[in-house]
Amino acid sequence: MASLPHILPAVAYTSAAQHERDVAALRRGWHCVGTGQDYAQLHDYRTFDVMGTGVIVHRTPAGLRAFVNACAHRHTALTLAAQGHREHLQCQYHGWEYDAVGVACRIPDAACFMPFKYGDFRLEALRVEALGDLQFITLDPDCQPLAASLPTEIVSRIARAFSPTRKQILSLSINHPCTWKIPIENVLEDYHVAMLHQHFVARHPRLFKFFKGRPPVGEERYELQAGYTSVKDELGGDSALYRRAINWVRSGAEPAFIHTHVFPNLLLGDSGVVGFFQQVFPVSESTSRSLVRMTMDVPARGGALGDLALHAVKRLARLLFDQLMREDGRVFPAVQHGKRSTSDDGRLSSAERRIHAFHCWLQNRGLLSPDSNG
Ligand code: FES
Ligand SMILES: [Fe+2]
């Protein structure tokens, strides 16, 4: 297969106009605020900055509720703590408290605000929907339902990889010193692996041989669809030991690995017993943030051995993930720097076809700002 054009000009990664265009488009979608397991106890809460809007998500007796993180009194963020636990969310400034539906239920010296009745003062509520154990909010009251906003195949892939019966083994928020498209494009090709991950590969040759660079027998390696692209790897499928281990965790589990990019900013991995999710959010024209979660099937008959294995897998997942992120992340500011400096078009190899598909999608959706369209 021949080389491909690099459709996005360098300015599409650097300009303030493109950043504003990206944020305007991405804000209209669904944004992950973690898994149900992140809100393990009733009254647990977490806060997020979703492309400039403060959001607070609270586990109430009626399930997860989300609000704009701005007090109805004088708009102070109730709290900027990343997470906490309170029956009634309380504003840090004058102490207003809010009940499970976001209505002010305790106001110090309330007589000074008379007349008012219950319900007059409330937090702005946001829609929350779940897919498997993944929890999402939207800032757009008219956004179509979460499942309808995704390709049907993706809904079932997420439901399988993030089934609530799976245990969470990794929960991270990562700040990237580059625009959001750079970490996404990085995982859409394995061309960089030999160069960037040479220390990793050198130290873990057995592990890395697991990735065969070929799809399971009878399947295509790449899948380029209208709303997403995937790459499939047979992983340890030809190893009897690996198949036995996978089957011990969940009988009948597929040993292959499938990595999916759902346009524009969702990444999904599924190895049959381990699920990976990442959503990359623009923060500024040269910074971004990722929310990352990993889950794993736990054998029902695991007992103490299962607990031990889960603990070991959690530690290993964190170790490997940190190392991979460090190795990849090292080059991100250099990519941003180069994009800022050049007016060259760039080019893509046939092995980078998923990046090309991403560029086509952005262009066809009219998501390139006028300066990026040339
Ligand atoms: S601003 Fe929140 S209580 Fe005054
Ligand atoms: Fe990498």
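Things worth noting here:
- For region 268-290, the set of residues classified as in contact with a Leu (Cβ under 9 Å, 6 or more places away or on another chain) and of a type in the set (A, V, I, L, M) consists of Val280 only.
- Looking only at residues in region 69-106 that are among the β-branched types (Val, Ile, Thr) and more than 8 Å from ligand 1 (Cβ to nearest atom), the one that is farthest from Ser173 (Cα to Cα) is Val103.
- Residue count for region 135-163 satisfying the condition of being surrounded by 14 or more Cβ atoms within 10 Å (Cβ to Cβ) and either on the phi > 0 side of the Ramachandran plot or not in a helix (DSSP H, G or I) (or both): 10.
- Contact map, region 288-308: first residue in the same structural domain as Gly52 (by TED's automatic domain parsing), second residue modelled with pLDDT of 80 or more and surrounded by fewer than 19 Cβ atoms within 10 Å (Cβ to Cβ), Cβ cut-off under 8 Å, separation 6 or more or different chains; the map is empty.
- Selection status of Arg354, within 30 Å of Leu235 (Cα to Cα), assigned to a helix (DSSP H, G or I), within 16 Å of ligand 2 (Cβ to nearest atom) and assigned by TED's automatic domain parsing to the domain that holds Tyr191: yes
- As a summary of the residue check, Ala24 satisfies the conditions (1) without any contact (Cβ under 8 Å) to a residue 24 or more places away in the chain; (2) touching a Phe, Trp or Tyr at 6+ places or on another chain (Cβ under 7 Å); (3) closer than 19 Å to Ile182 by Cα except for the one numbered (2).
- Residues within region 117-135 that are among the β-branched types (Val, Ile, Thr) and more than 25 Å from Val155 (Cβ to Cβ), tallied: 0
- For region 311-330, a residue qualifies if it is buried (at least 16 other Cβ atoms within 10 Å of the Cβ) and more than 20 Å from the chain's Cα centre (by Cα), and exactly one does: Val313.
The values are calculated or read from the model by the stated rules, or taken from the named source; none is laboratory data. This structure is a prediction, so every number in the text was calculated from the model and none was measured. Positions of Cβ are backbone-derived with ideal geometry, glycine not excepted, and every protein chain shown enters the neighbour counts.
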